[in-house]
Structure formats: C-alpha cells, structure tokens
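Trainee: My structure is below; once you've seen it, I'll send some questions.
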Amino acid sequence: MNETDKELLEKISEQTKEPISAYNIRKNGTCIDRKVSDYINIAAKEHGLEIYVKENTLFGIIHIPVIITQSGIKDIVYNDFHIGKNANVIIVAGCGIHNDDKHETSHSGIHRFFIAEGAKVKYIEKHYGEGSGNGKKILNPVTEIKMQKNSKMTINSVQIKGVDDTKRVTKATLYDGATLTINEKILTNNNQKAKSEFEIILDGLDASTHIVSRSVAIDKSYQEFASKVIGKTKCYGHVECDAIIKDEGMVRSIPEVFAQDTSANLIHEAAIGKIAGEELLKLMSLGLTEKEAEKVIIEEFLK
Amino acid sequence: MLELKNICFEQNGELILNNINLTFEDNKFYVITGPNGSGKSSLAKIIMGIYKPTSGVIIYNGHNITDKSITERAKLGFGYAFQTPTLFKGLTVWELLNIAKGKKISKKEACTFLSQVGLCAQKYLDRELNKSLSGGELKRIEIASIIAKNPAIAIFDEPEAGIDLWSFEHLTKIFKDMVLDKTTIVISHQERILKMADKVILLDKGTVKEVKKEDFLTKIANKECAKGE
Ligand SMILES: Nc1ncnc2c1ncn2[C@@H]1O[C@H](COP(=O)(O)OP(=O)(O)O)[C@@H](O)[C@H]1O
Ligand SMILES: [Mg+2]
C-alpha cells in the first residue's frame, strides 16, 4: 500500500470505539488484505465475498473498503452478508477512487443483507472521488436487504466529494417488528449527477422505516431522489427529503407511498430550496460574511 | 453614540417609517414601544443593516454607516436579537454560540451564556436549532447569542415574548448588567422593562410620538395609551 492508498482508505473509513474484528481490502479489483475472526468469516467467491456473522456476536466490527487507483477499471463486486440471530455488528464499507487519467473508472458494489431475527446492523458507506484526470469517477451501489423479525438496521451513507455519476439503489423487505433507518447525505457540484432510489416493503406487523435524505446540489449538478414505501400491514414509514440548491443546481424528488392496509401509516415530506435568507441574515448579523455564512449552513446541514 | 437622521423606510409603496430622528447615547438603556405594526422591528432592522432606509442617514461615533452591510455593522459592534428566532437545519446551539462569540469557545463557556438565560446548559448545546425546541427555548437561545456576541449596541426585539416569569426576572437583570458598558435598545411592551429605561421611545404608525418616560408611564397607568399586545 502506498500513500495514495492510505489516504483514500482514510477518507472512506470510520473510527469505531471497538477494534476491527474482520476486514477485507480490495484494490483495483483484487483483495490485497484480509482478516477474519472466530465469529466473523469472510470467504471469497467469484466476483465477491460471502460474509458470515455468527449468532449472538457482540461488537463485531467489519471493514470492507474498496479503492481504485488505476484509471479505466470497471469493478463490480457481489457481496453477501449473512447476519446471525441477535448478532450486533457495525459494517464500514465504501469506495474511494483516485483517477489521474482520462479513462472512465467505476465501481458497483452489489450488496445483499440477510439479517436474522433480533440482529442489529449499522452499515456505514462513504463514497469519495479524487484525482487530476478528467476521466469520470462513477459509483453505482446496489443494496438489497431482508430483515427478519425484530431486527434493526441503520444505514449511514455519505457522498461528499468528487463522484461524477452515481446511481444508488436500495431495496428492503421488513418483517414483523423490523426497523430500518437510513440517513443519506449527498453533495454534488460541477456537472455531477446523483440518483438515489429506494424501495422499502413493510411486510410485517409493526415494521417501520425512517429515511432521511439531506442533499446539496451546487453549480450545474443534478440529483434525483425517488423513494417508494409500501405498507402491507400495520406499519410505519417516514421519508424526509431535504435539499438545498445553489447556482444552477437541480434536485428532483419523486415520492411514492403505497398503503395497502388501513393501518399502514406512511408519510413523505420533501423540501427543496435555496439556503433560507433568514439563516444567512442571522449568521451575518453575528459577523460572518455571506460566503462564510453559506459555508457554515451547508456544512452543518450535511453533518 | 448612534444617530438616526430623517430616516424614512418604504415597502411596496407604503411608508413604514416616517422621518425618524433619534439619538442613542453610550451606556444608556432605551426602550422602544408602540402598537403592533408601528414599525419597531423595521427600525431595529434598519439599525442592524438588514433593511436599507429609503432616505436618511445613520451616524455611528461620527461615521456615516448608512451604506455599511450587516456583516460590517456586526463587526462594528452592533447586535440584534430577532423577534422571531431563526430555525436552522443542522446548526446546533453550540455552533451558534461559537459563531456569536467569533471564535472557538469551550463547552463550559458556552454553558455560561445559556445559564444566564435560564437554560440548563449541557443538555442544549448539541441540540439543533429546529422545531424540536420550544418557542421560549429558541427565544432564550437567541438572547444568549447576543450575550455571547457582547456587542456595543445591543438590540433585543420583544425579548419577553414566550418567556415565563422566571426568566423575566432574570432578563431584567441581564439588561441592568448590560447597560454598564453598552447601549441597550429593547423593544418591549412590558411595564417593568419600560420602568428601567433611561428613555422610552413610542412609535406609532411609523413616527416617534414621544420620548418622555414619566409622562408615558402615567399614560400607561391611566390606560390612555396603547400598550400593544
Ligand atoms: N419586509 C417587509 N415587507 C413588507 N412589509 C413589511 C416588511 N417589514 C415590515 N413590514 C410592514 O411594516 C409595518 C411595520 O412592521 P414591523 O416593523 O414589524 O412592526 P412592529 O415590530 O412594530 O410590530 C407592518 O405593517 C408590516 O407589515
Ligand atoms: Mg416587531
């Protein structure tokens, strides 16, 4: 691993209180380092990994970062996560692309989660692009989730910088008492495009989901947020899409909530607009310039 | 010393402030009162630079500051606690106090500003300035931001609104302390605050009606004069 690799890894990793229990580092399409533990096994399969977390595993911390430094690579990886009953794990995934050349470089992580009864998963995904070349940096993650009775999952996904094009698809089916929370943060600038698609099926009594998307579109960038929440029984779904646009940025929010039972309670809220004048005025009256105020407002909005 | 000379302010063809002439001396306590819609907040915003007067000049310590921006005025030592506190998405109380102070401060120091307005501090520092805070809490945080900023000219726009009795007692104390080294301008309908004033300014339909506190208080007592809300 060289300095660039280390810096890329740094950008997409996340400090945790507990030490890392198992990891797999993928660089330019191949595994360069792996560690497993008694409770967490990472096995290679064709074009991907099978990750097994044993029942009742506590404080399992799994890192599976992907970095790409070779311009022109089109990497696709299929990872399956099998989370055992009542296990409690944090999974830090993410992809960093360093592209110094003119070739389009992409990564698609197709992740499937099979979460057993009572298990708790926190999934952190960071996307980041850099490099001096004009070759596009593209990330297209797909996440498919099956959540058994009373399991819980929280997804924090962040894309702050340097990704030219991204399409994120998240699909989940939740059974009795399962809870899925998604916090998504995206900032796009220049001519970047980002699309995020959700389809959540609440198919169990008291299943619930809470999706919060906060995004900022600057310059001529474009974002699309399409969410579909289907409630098949007594359940709760809340989607909140909040976006700030600047310059010629555009954000499109396409909400769909589909209640198939009278006791399904589904809400979609979307608010898109420029930075509120009131917020600027307040910070300026405390001594910030307009530019400084704007910067603080955007940073805090995405924090 | 702050002087407003012949200030007029028009919005959509309507005259909101009509030829205002006022002088605010250093280390004095001024109360601006008057019915709703009489132009009190507009006047405060003109002093802060949020609104530009249609005509007239603003002189601060001998300098014409009429064309100075909000930021420049903030840096000159003006501070304004808004009548309606601003809601933010993401900004925390702690961040706001840092910005108000103009530098990174310790959590402990931030707490002292909050406790001055009667908020049990630690609990609030990491809260976002959004709807999850009550009106009274937001109002007190707004006041705390001005205490943290510690401006030479501090303007408070109806600080008592939404504040319970506790807090009212405390509030008057804050103003008393403040006057020691700054000009304090409070927009208020409260008799207790009016009584503390060195000078009361009554605004009515955009004009200054009267500046004699004693007369004014007698009028209030005789209910001859609108108290506002
Ligand atoms: N930005 C504005 N645009 C249009 N009208 C305004 C604006 N600000 C204030 N006004 C009007 O000016 C008048 C005085 O308002 P304001 O200064 O808020 O009064 P007060 O604070 O005394 O209640 C009101 O009629 C109000 O509707
Ligand atoms: Mg007002």
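Trainee: Per residue of the protein assembly as shown, what 222 nm ellipticity follows from adding -39500 (n - 2.57) for every DSSP H run with n ≥ 4, rounded to the nearest 500?
Mentor: Working: 12 runs with 116 residues, N = 532.
Result for the protein assembly as shown, helices only: -6500 deg cm²/dmol.
Trainee: Could I ask something else about it? Over 20 Å between Cα atoms, which of A:Lys246/B:Lys89; A:Lys122/B:Lys89; A:Lys137/A:Lys185; A:Lys11/A:Lys171 qualify?
Mentor: A:Lys122/B:Lys89; A:Lys11/A:Lys171
Trainee: To the nearest whole number, what is the average tally of beta carbon atoms from other chains within 10 Å of the beta carbons of peptide A:35-48?
Mentor: Per residue, the average neighbour count from other chains is 0.
Trainee: Calculate, for A:Ile254 and A:Lys35, the FRET efficiency according to 1/(1 + (r/R0)^6) with r their C-beta to C-beta distance and R0 51 Å; round to the nearest 0.05.
Mentor: Working: r = 42 Å, r/R0 = 0.82.
Approximately 0.75, to the nearest 0.05.
Trainee: Still on this structure: Quick one: if you stick a label point 7 Å off each Cα along the C-beta vector at B:Glu214 and B:Leu15, how many nm between them?
Mentor: Those two pseudo-labels are separated by 3.3 nm.
Trainee: A further question follows. Between B:Asn6 and A:Glu290, how high is the FRET efficiency from 1/(1 + (r/R0)^6) when r is the Cβ-Cβ distance and R₀ = 41 Å? Nearest 0.05.
Mentor: The value I calculate is 0.90.
Trainee: While we're on this one: With θ taken as phi - 60° and the coefficients 6.51, -1.76 and 1.60, list the Karplus ³J(HN,Hα) couplings across the range B:133-147 in order, rounded to whole Hz; mark glycine and proline as x.
Mentor: Taking θ as phi minus 60°, the curve returns 8, 6, x, x, 5, 4, 4, 5, 5, 4, 5, 4, 5, 6, 4 Hz for the range B:133-147.
Trainee: I would also like to ask the following. For chain B, report the accessible area per residue in Å² (1.4 Å probe, heavy atoms, rounded to an integer).
Mentor: Roughly 44 Å² per residue, with all protein chains present.
Trainee: Among the GluC sites (Glu not before Pro) in the range B:1-46, which ones are in a DSSP loop with at most 13 other Cβ atoms within 10 Å of the Cβ? Mind listing them?
Mentor: B:Glu25
Trainee: Per residue, how many Å² of accessible area does chain A show with a 1.4 Å probe? Show your work: numbers first, answer last.
Mentor: Working: 13550 Å² over 303 residues.
Using a 1.4 Å probe on heavy atoms only, each residue of chain A averages 45 Å².
Trainee: Rounded to the nearest 0.05, what FRET efficiency do B:Asp198 and A:Ile160 have when you use their Cβ-Cβ distance and R0 = 56 Å?
Mentor: 0.60
Trainee: Continuing with the same structure: Just flag the trypsin sites (Lys or Arg not before Pro) in the range B:129-212 sitting in loop per DSSP whose Cβ has no more than 16 other Cβ atoms within 10 Å.
Mentor: Details: sites: B:Lys131, B:Lys139, B:Arg140, B:Lys149, B:Lys173, B:Lys176, B:Lys182, B:Arg192, B:Lys195, B:Lys199, B:Lys205, B:Lys209, B:Lys212; in loops: B:Lys131, B:Lys182, B:Lys205, B:Lys212.
Filter output for the range B:129-212: B:Lys131, B:Lys205, B:Lys212.
Trainee: Further, regarding this structure: Counting only other chains, and only Cβ atoms inside 10 Å, what mean value do you get across the residues of A:272-285? The partial results should precede the final answer.
Mentor: Details: counts 0, 0, 0, 1, 4, 1, 6, 7, 2, 8, 15, 10, 9, 20.
Other-chain Cβ atoms within 10 Å of each residue's Cβ, averaged: 6.
Trainee: Alpha carbon centre of the range A:16-53 versus the range A:133-210: separation in Å?
Mentor: Answer, in whole Å: 21.
Trainee: Using the per-residue mean of other Cβ atoms lying within 10 Å as a proxy for protection, in what order, highest first, do the peptides A:289-302, A:73-86, A:176-189, A:8-21 fall?
Mentor: Details: A:289-302: 17.1, A:73-86: 18.6, A:176-189: 21.4, A:8-21: 15.1.
By packing density, highest mean first, the sequence is A:176-189, A:73-86, A:289-302, A:8-21.
Trainee: Further question on the same structure: Going through the DSSP H helices of chain A, which span 20 Å or more along their own axis at the Cα atoms while scoring at least 0.5 as a mean Kyte-Doolittle hydropathy?
Mentor: Span-like helices in chain A: none at all.
Trainee: Give the accessible area for B:Asp164 in Å² (nearest 10); use a 1.4 Å probe, count only protein heavy atoms, and leave out ligands, DNA and RNA.
Mentor: For B:Asp164, the solvent-accessible surface is approximately 70 Å².
Trainee: Share of the range A:3-276's accessible area from carbon and sulfur, percent, 1.4 Å?
Mentor: 47
Trainee: Another question about this same structure. The range B:171-191 to the range B:84-129: how many Å between their Cα centroids?
Mentor: 21
Trainee: Rounded, prolate or oblate: pick one for the range A:3-276, where a ≥ b ≥ c are the square roots of the eigenvalues of its C-alpha gyration tensor, a/c under 1.5 means rounded, and failing that, prolate if a/b is larger than b/c, else oblate. Before the final figure, lay out the partial values.
Mentor: Numbers: a/c = 2.14, a/b = 1.08, b/c = 1.99.
Because a/c hits 1.5 or more and a/b fails to exceed b/c, the range A:3-276 counts as oblate.
Trainee: Taking Cα atoms, how many degrees apart are the long axis of helix B:107-116 and the longest axis of chain B, rounded to 10 and kept between 0 and 90?
Mentor: The answer is roughly 40 degrees.
Trainee: For the interface of chains A and B, what total accessible area is buried with a 1.4 Å probe, rounded to the nearest 100 Å²?
Mentor: It comes to approximately 1800 Å² buried between A and B.
The values are calculated or read from the model by the stated rules, or taken from the named source; none is laboratory data. What you see is a predicted model; the values in this text were computed from it and never measured. Here Cβ is always computed from backbone atoms with ideal geometry, including for glycine, and neighbour counts include all displayed protein chains. With ligands, DNA and RNA removed, areas are computed over all heavy atoms of the protein, side chains included. Shrake-Rupley method; radii C 1.70, N 1.55, O 1.52, S 1.80 Å.
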